[in-house]
Amino acid sequence: DPQEWSGHWKQVHNALEDGPACVQLDEDGQIFGKEDCLYLNIFVPT
């Protein structure tokens with residue numbers, strides 16, 4: 001279930017894995033991926 005937006009993030013979010021790929025077709029025409037795929041990967045210099 002969706003969670004209500006709290007407005008502030010109060011803890012460390014350990015994002016070591018990418019989110020799922022969006023629904024699409026592979027080379028054989030098979031459907032793969034997830035509808036829940038709106039994620040943003042942010043890369044910053046250390």
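Taken together, the values in this text are just the output of simple stated rules run on the coordinates, not laboratory data. Source: prediction; values computed, not measured. Positions of Cβ are generated from backbone atoms using ideal geometry, with glycine treated the same way; all protein chains shown enter the neighbour counts.
General remarks:
- Put simply, when 31-41, 7-17 are sorted by average Cβ atoms within 10 angstrom per residue, most first, you get 31-41, 7-17.
- Here the gap between I42 and A21, fully extended at 0.36 nm per residue and compared with their Cα-Cα distance, gives a gain of 5.9 nm.
- Over the chain, relative contact order from alpha-carbon pairs under 8 Å, at least 6 apart, %: 27 percent
- Options (1) 5.5; (2) 7.3; (3) 4.5 - which one matches mean projected area of the Cα convex hull in nm² as calculated here: (1)
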